[in-house]
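Presented below is the structure to which this report refers.
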């Protein structure tokens, strides 16, 4: 975390005008890889606050659970996890690489998702996460995949958006998707009581459509589908992730461990 923080600091000094997007893997509530990870994450979050424009929160355990539940992988490896994260990252950059009806470029993320510079920690989700065996039996309409990205179980960080309010939400569709279907799906989502927006940002949705269908890694876990959606949302529920790490940090720091 120290090297990353220093690098970010240098980048923000040398390339102040460029957008800096960051994908950070935060410690999971149960699966732990290092004892001092609460220290690392708290200390590096400080530099993320100052020196990145948008930070996307990922959590190994949440992605682990998605692999187990949706892809029926008994013991997911880091390769499985990384491939899922790669789908999210590639959905972000499709607008730079391909053509579409409603293209969203990187600076637009910042404009639409970040209400105040320091509130830039995003929650990601992706749909459909489905294995090749199951894909033949599913329709996977625009409405269905839109609903599934709002499911708490599909979030790539362990937190429940129903406990918070959305400040902004960006839906990146790719493949065989037309604006009419997107508008209809978003209208349905808006009527749901579980998805609440803060009162100072009632509209809240930004949609991007790209005609390039999602591609898959040959021999990978995900099925080749006609359409997919990636959701990036700025929600107050992300505080759950921070409060968990804070709690662990405080417990260790109170004993002055390590």
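Odds and ends about this structure:
- Here residue 109 clears all of (1) modelled with pLDDT under 80; (2) over 13 Å from the mean Cα position of the chain (by Cα) except the condition numbered (2).
- Within region 117-128, considering residues that are surrounded by 21 or more Cβ atoms within 10 Å (Cβ to Cβ) and part of a loop (DSSP other than H, G, I, E, B), the one farthest from the chain's Cα centre (by Cα): 128
- Qualifying residue in region 29-46 (condition: in contact with a helix residue (DSSP H, G or I) (Cβ under 7 Å, 6 or more places away or on another chain) and without any contact (Cβ under 8 Å) to a residue 40 or more places away in the chain): yes
- Residue match in region 64-73 (condition: part of a loop (DSSP other than H, G, I, E, B), at pLDDT 85 or above and out of contact with any helix residue (DSSP H, G or I) (no Cβ under 7 Å at 6 or more places or on another chain)): yes
- Search result, residues across region 132-153 that are surrounded by fewer than 21 Cβ atoms within 10 Å (Cβ to Cβ), in contact (Cβ under 8 Å) with a residue 40 or more places away in the chain and under 15 Å from the mean Cα position of the chain (by Cα): 153
- Only one of the numbered conditions (1) farther than 30 Å from residue 132 by Cβ; (2) not in a helix (DSSP H, G or I) is not met by residue 241, and that is (2).
- In region 214-226, the qualifying residues are those that are surrounded by fewer than 16 Cβ atoms within 10 Å (Cβ to Cβ) and at pLDDT 85 or above, and the one that is farthest from residue 104 (Cα to Cα) is 224.
- Looking across region 75-116 at every residue that is in a loop (DSSP other than H, G, I, E, B) and without any contact (Cβ under 8 Å) to a residue 12 or more places away in the chain, the one that is nearest to residue 172 (Cα to Cα) is identified as 105.
- For region 10-21, the count of residues that are within 24 Å of residue 154 (Cα to Cα), surrounded by fewer than 19 Cβ atoms within 10 Å (Cβ to Cβ), touching a residue at least 24 places away in the same chain (Cβ under 8 Å) and touching a helix residue (DSSP H, G or I) at 6+ places or on another chain (Cβ under 8 Å) is nonzero.
- Count - residues of region 181-204 that are more than 23 Å from residue 114 (Cα to Cα) and either assigned to a loop (DSSP other than H, G, I, E, B) or touching a helix residue (DSSP H, G or I) at 6+ places or on another chain (Cβ under 9 Å) (or both): 6
The values are calculated or read from the model by the stated rules, or taken from the named source; none is laboratory data. Here the structure is a predicted model, which is why all the values come from computation and not from measurement. Glycine gets a Cβ as well: all are built from the backbone with ideal geometry, and neighbour counts include every protein chain shown.
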